[in-house]
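The next block holds one structure in the form of structure tokens; read it before the comments.
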Amino acid sequence: MTAGVPELLPQDVGTPIPVSGSVPADTYTYDYIVVGGGTAGCVLASRLSEDPTVSVLLIEQGPVADTWSSRVPLLSGNMFARDSLAARWWSLPLRNADNRFLEIIRGEALGGTSRINGMLYTRGSPGDYNQWKALGNDGWAYEDLESYFMKSENARSHPEAQLRGHDGMWQNQQFTDVPYKTTAYVDHAIELLGVERVPDLNNPDAPTACMGIVDIVQDSEYHRHSTYRAFLPPTLTRTRQDRLKICPNSIVSQVDLARVPGEERIRATGVYFEATNARKAGFRYLARARKEVVLCAGAIGSPQILMMRAQAHLLEKGIPVIKDMPAVGSHLSDHMGVPVAFEVPLSDSLHHLEESPLKAVMELARYIITGGGAFSRPFQNSSTFVPSRLLDDTGSISNKDPHHLDASLPENRPDIELMHIAHDCGDYDVSGKGVYTMLVTLIRPKSEGSVRLATSNPRARPDVDLGFLSDPADYAPLRKGVRFALRIGEEVRKQGYPLSELKVPDGTSDEDVDRFIRANLRTCFHYTSTCRMGHETHGERPSVVDAELKVHGVRDLRVCDTSVFPEIISSHIMAPAVMVAEKCADMMKGMPTV
């Protein structure tokens with residue numbers, strides 16, 4: 001059996017607190033400390049440690065947990081399974097959505113959320129990144145970033161595509177043979193309503209209103225290809241173990257900051273951390289950084305670690321303020337989804353595996369023997385993207401003006417995604433039924449939430465206010481999206497397919513649809529923008545990091561994860577998180593960026 005990742009304990013890589021002068025500083029000092037071995041952190045640690053003269057310490061809150069089931073797409077994507085690598089806790093009440101509570105879910109393991117998510121490789125619209133540049137972030141337009149998307153990927157289903165990567169460590173592919181009959185009828189209905197089907201949703205020249213099969217991150221053995229398996233596999237980490245130290249099951253409690261002599265600025269000198277095991281909570285350790293500390297703990301974890309948000313909030317929690325940065329933890333964005341559910345024949349949905357243990361065993365055996373079948377696929381196979389402004393009152397795309405379909409223009413970015421899912425994703429009681437869900441997702445929300453400390457205890461989960469529907473302007477595109485899904489259902493029935501409404505609005509009025517939205521909306525777990533990028537200002541757009549991802553006013557401290565997004569993108573966020581890490585690595589190495 002192949003040996004796994006070399007795992008180290010806090011006492012192996014740090015020095016106990018209080019620090020003893022008899023311990024040589026070199027034994028706990030590294031060139032770079034990467035905090036968080038998640039989707040972005042694995043990429044960054046891998047790229048930085050390519051240099052044999054550089055030492056890197058990677059600290060991850062979760063385990064390595066490289067089990068067989070964690071690599072099986074269908075099993076690992078079940079975030080509610082007993083052995084899931086997902087961390088779960090409740091949000092604050094949704095004040096504008098019936099005071100409901102939603103679960104906050106993120107991956108806590110080496111590879112982070114790329115170990116548990118839907119495996120979807122989507123870059124987003126070029127207009128997303130052109131908007132980032134328009135907000136004052138030079139070097140972050142799509143033409144600046146395309147090479148970083150290409151650098152990481154091996155697009156196995158697009159061998160001839162010039163704008164897809166073919167030499168990267170991170171593999172993705174498409175499944176064109178969809179096993180569920182419903183899909184063909186839905187796809188045809190959407191085409192009848194004026195949405196173009198494209199062979200590659202990641203082609204930057206695709207129209208802004210389009211539909212197609214999504215790429216999923218999967219290797220040649222049909223395993224989930226998380227950023228852990230792609231960028232820090234055991235063979236690589238063992239080869240680099242003299243300069244790349246990986247410390248899982250450890251939580252960073254604080255970044256060590258010190259005043260720069262003769263300057264008003266402060267600098268990051270290291271981190272304080274301890275084992276996640278509660279029985280070892282009394283043992284704290286310090287690791288020093290010669291060059292930089294980089295936070296890669298995600299849009300919830302990075303602001304929690306920074307401990308630099310609004311002064312009044314921190315003082316209330318008993319935390320001394322070194323630098324007041326109100327934008328930290330603010331401007332939380334997430335895609336909100338509203339499941340519109342239809343009943344279909346049981347054999348045309350994933351529920352047939354739940355209802356037939358024999359069928360589940362047969363499908364599992366098929367996966368083990370051939371790598372194919374239901375267990376090789378995530379829950380979602382295709383998506384439809386539309387700008388709601390192009391949907392007319394009949395639920396069709398009537399405006400085919402090429403200018404309005406140009407995806408490079410920020411104003412044309414889609415604001416609705418329909419996720420096509422042959423499964424119940426609305427938590428309805430559907431025992432014995434087959435369910436097909438069109439998850440109507442607002443991918444350009446105006447509503448914002450926040451991440452705030454619950455206590456001064458770094459082990460406590462932070463308070464997350466998703467802020468859904470705090471801006472009433474979000475109702476209009478969601479209404480159009482729900483009606484679009486219902487119209488698709490009508491077109492499917494016209495084709496003779498036995499699809500019936502299962503969970504839909506009680507009526508057709510705006511009030512009926514709005515009530516349905518509030519009662520059923522859910523998070524897509526696409527958290528971004530809590531340490532957003534921009535100019536240092538406390539004016540109209542306060543930010544946390546600059547265009548090089550350096551924390552304003554703090555030397556030698558960067559943030560590298562989805563929290564730096566100036567605005568959430570109009571697609572899934574895993575591939576952009578990897579792109580950010582690729583670009584961050586080049587900036588840290590002093591390499592010229594595109």
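The values are calculated or read from the model by the stated rules, or taken from the named source; none is laboratory data. A quick note: this is a predicted structure, and the numbers were derived from the prediction, not measured. Quick reminder, even Gly has a Cβ in these numbers, built from the backbone with ideal geometry, and neighbours come from all protein chains shown.
Residues checked against (1) outside the structural domain of D393 (by TED's automatic domain parsing); (2) touching a Pro at 6+ places or on another chain (Cβ under 9 Å); (3) under 30 Å from H423 (Cα atoms); (4) not in a loop (DSSP other than H, G, I, E, B):
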| residue | (1), (2), (3), (4) |
| --- | --- |
| P498 | no, yes, yes, no |
| D506 | no, no, yes, no |
| E511 | no, no, yes, yes |
| I517 | no, yes, yes, yes |
| A547 | yes, no, no, no |
| P566 | yes, no, no, no |
| I569 | yes, yes, yes, no |
| A581 | yes, no, no, yes |
| C584 | yes, no, no, yes |
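Got a number for residues in the range 233-289 being aliphatic (A, V, I, L, M), more than 28 Å from R555 (Cα to Cα) and touching a Ser or Thr at 6+ places or on another chain (Cβ under 8 Å)?
1
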Next item on the list: Report whether or not L478 is in the same structural domain as V386 (by TED's automatic domain parsing), more than 21 Å from V386 (Cβ to Cβ) and outside any loop (DSSP other than H, G, I, E, B).
Entry: no
Item checked: Only listed residue being touching a residue at least 40 places away in the same chain (Cβ under 8 Å), farther than 30 Å from S250 by Cα and under 22 Å from the mean Cα position of the chain (by Cα), chosen from V430, V435, V440 -> V440
Notebook entry, point to check: Of all residues in the range 455-472, which are closer than 19 Å to N99 by Cα and not acidic (D, E)?
Noted result: P462, V464, L466, G467, F468, L469, S470, P472
Next item on the list: Check the range 80-96 and report whether any residue there is within 29 Å of F379 (Cα to Cα), in the same structural domain as Y272 (by TED's automatic domain parsing) and under 20 Å from the mean Cα position of the chain (by Cα).
Entry: no
Notebook entry, point to check: Out of S114, S157, which single residue is among the hydroxyl-bearing types (S, T, Y) and touching a Ser or Thr at 6+ places or on another chain (Cβ under 7 Å)?
Noted result: S114
Check: What residue, among those in the range 157-186 that are in contact with a strand residue (DSSP E or B) (Cβ under 7 Å, 6 or more places away or on another chain) and over 27 Å from A581 (Cβ atoms), is modelled with the lowest pLDDT?
Finding: V178
Check: Just for the range 62-108: of the residues that are assigned to a strand (DSSP E or B) and β-branched (V, I, T), which one is surrounded by the most Cβ atoms within 10 Å (Cβ to Cβ)?
Finding: I104
Checklist line | Candidates D144, D187, D200, filtered to the one that is touching a residue at least 12 places away in the same chain (Cβ under 8 Å) and closer than 18 Å to C584 by Cα | finding: D144
Note to self: Quick check on my filter: what residues within the range 347-367 are among the basic types (K, R) and touching a Leu at 6+ places or on another chain (Cβ under 8 Å)?
What the structure shows: K359
Notebook entry, point to check: Assuming R229 fulfils every condition listed in (1) within 26 Å of V551 (Cα to Cα); (2) modelled with pLDDT of 95 or more apart from one, which condition is it?
Noted result: (1)
Notebook entry, point to check: What is the one condition in (1) under 24 Å from E292 (Cβ atoms); (2) touching a residue at least 40 places away in the same chain (Cβ under 8 Å); (3) among the hydrophobic types (A, V, I, L, M, F, W, C) that I213 does not satisfy?
Noted result: (1)
Notebook entry, point to check: Does L257 qualify as being surrounded by fewer than 23 Cβ atoms within 10 Å (Cβ to Cβ), out of contact with any His (no Cβ under 8 Å at 6 or more places or on another chain) and in a strand (DSSP E or B)?
Noted result: yes
Margin query: Anything in the range 319-378 that is among the charged types (D, E, K, R), more than 28 Å from A184 (Cβ to Cβ) and in contact with a Phe, Trp or Tyr (Cβ under 8 Å, 6 or more places away or on another chain)? List them, or say none.
Written below: D334
Check: Is it true that some residue in the range 538-551 is among the aliphatic types (A, V, I, L, M) and surrounded by fewer than 16 Cβ atoms within 10 Å (Cβ to Cβ)?
Finding: no
Item checked: Of residues in the range 13-22 being among the β-branched types (V, I, T) and not in a helix (DSSP H, G or I), the one farthest from N249 (Cα to Cα) -> V19
Item checked: Count of residues meeting criterion [outside any strand (DSSP E or B), of a type in the set (D, E) and within 19 Å of L286 (Cα to Cα)] in the range 23-61 -> 2
Check: For the range 23-51, how many residues are closer than 19 Å to S253 by Cβ and among the hydrophobic types (A, V, I, L, M, F, W, C)?
Finding: 3
Next item on the list: Find the residue count for the range 431-475, including only residues that are in contact with a Lys or Arg (Cβ under 6 Å, 6 or more places away or on another chain), buried (at least 19 other Cβ atoms within 10 Å of the Cβ) and assigned to a strand (DSSP E or B).
Entry: 0
Item checked: Flag for V217 being of a type outside the set (S, T, N, Q), under 20 Å from the mean Cα position of the chain (by Cα), farther than 30 Å from P10 by Cα and at pLDDT 95 or above -> yes
